[in-house]
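**Q** One structure, as structure tokens, below. Some questions next.
The values are calculated or read from the model by the stated rules, or taken from the named source; none is laboratory data. None of the values given here were measured: they were computed from a predicted structure. Every residue, glycine among them, receives a Cβ derived from its backbone with ideal geometry; neighbour counts consider all protein chains shown. Quick note on the areas: whole protein, heavy atoms, side chains included, nothing else; ligands and nucleic acids left out. Shrake-Rupley method; radii C 1.70, N 1.55, O 1.52, S 1.80 Å.
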Amino acid sequence: MLDLTLDKDVIEDKETIGGGGNSRIWESGVYDTIIEMVTIEESSGGATAVNVTLKSTDKDSKVFPIRDTFWITSGKAKGQKTFYVDKAGKKHPLPGYTSANRLCIATEGKPLTEVVPTGEKKTINAYSWEAKKEIPVEKYVLTSLIGKPVQIAVQLFKRNKQKPNASGVYEDTAEVFESNEIRYFANAETKLSVGEMADGVAEATFMNEWDAKNKGTTIDKTNKNLQPAAAAVTSAKASVFA
């Protein structure tokens, strides 16, 4: 089992408010959800990811379950670390580590380091690019999180698709796509965000404030030097379980 503990001198990130038919894209906002699946997988380069799938508790919702990937360690070439070092020489948790840790705290009241060892190998249905369909695959599943409710803050982004050039280097194309990122987590019952829980706050306000500022917004990360493609914006995020 990998060592997922953080060094004592790692500076954890703070929470900030920041700036038709069924859809695979969620509008920016705060949602009440249920955890459908959480798996831990390793990339070919040795980086470890927590893959999560959540569904809305709103019975009238017309969105498919949201999926996200949180990279909790770097690859073998970088020492499989849970943190990175900034230009000032200070350590910070990988953004994915922070997100996965917040997920565990919001649902279980326990950090990632305590939840991961309680997982177990399970055979689940996962999409295979080779088979072009879901097939039974053995995965390491964080079983204690399955079925748990959690409140999430979702941000919608717009970006350029990338393709390799003649030299094999990936570069932006004119084709644009939309994707979601889960930014924050809060306890489903108290509505306290993980940051509020850590600060001992009694009244939950963070998620409401974040929602008021970000609901319905799209963060545009597209290359302004490229002319948008004539085709419609792609709005389906590739499966993180491929």
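**Q** Using beta carbons and a limit of 6 Å, which pairs, at least six apart or on different chains, have the first residue in the range 161-179 and within 22 Å of THR218 (Cα to Cα) and the second one exposed (fewer than 12 other Cβ atoms within 10 Å of the Cβ) and charged (D, E, K, R)?
**A** Pairs found: THR173/LYS163.
**Q** Search the range 115-168 for residues being out of contact with any Lys or Arg (no Cβ under 6 Å at 6 or more places or on another chain) and of a type in the set (Asp, Glu), and hand back the single one that is farthest from PHE185 (Cα to Cα).
**A** GLU130
**Q** Identify all residues within the range 99-123 that are in contact with a strand residue (DSSP E or B) (Cβ under 9 Å, 6 or more places away or on another chain), within 14 Å of VAL38 (Cβ to Cβ) and surrounded by fewer than 14 Cβ atoms within 10 Å (Cβ to Cβ); write none if there are none.
**A** GLU120, LYS121
**Q** Moving on. Do we find that ILE182 is among the aliphatic types (A, V, I, L, M) and in contact with an Asp or Glu (Cβ under 7 Å, 6 or more places away or on another chain) in this structure? Spell out how you get there, then give the answer.
**A** On the way: among the aliphatic types (A, V, I, L, M): yes; in contact with an Asp or Glu (Cβ under 7 Å, 6 or more places away or on another chain): yes.
Against the criterion (among the aliphatic types (A, V, I, L, M) and in contact with an Asp or Glu (Cβ under 7 Å, 6 or more places away or on another chain)), ILE182 qualifies.
**Q** Next question. For the range 202-224, what are the residues that are open to solvent by less than 40 Å² (accessible area, probe 1.4 Å), out of contact with any strand residue (DSSP E or B) (no Cβ under 6 Å at 6 or more places or on another chain) and in a loop (DSSP other than H, G, I, E, B)?
**A** If the condition is that a residue be open to solvent by less than 40 Å² (accessible area, probe 1.4 Å), out of contact with any strand residue (DSSP E or B) (no Cβ under 6 Å at 6 or more places or on another chain) and in a loop (DSSP other than H, G, I, E, B), then ALA204 is the only one that fits.
**Q** Which residue, of THR33, THR53, is within 24 Å of PRO93 (Cα to Cα), at pLDDT 95 or above, of a type in the set (S, T, N, Q) and assigned to a strand (DSSP E or B)? Please lay out each step first, then the result.
**A** Working: THR33 fails: within 24 Å of PRO93 (Cα to Cα).
That would be THR53, the only listed residue that is within 24 Å of PRO93 (Cα to Cα), at pLDDT 95 or above, of a type in the set (S, T, N, Q) and assigned to a strand (DSSP E or B).
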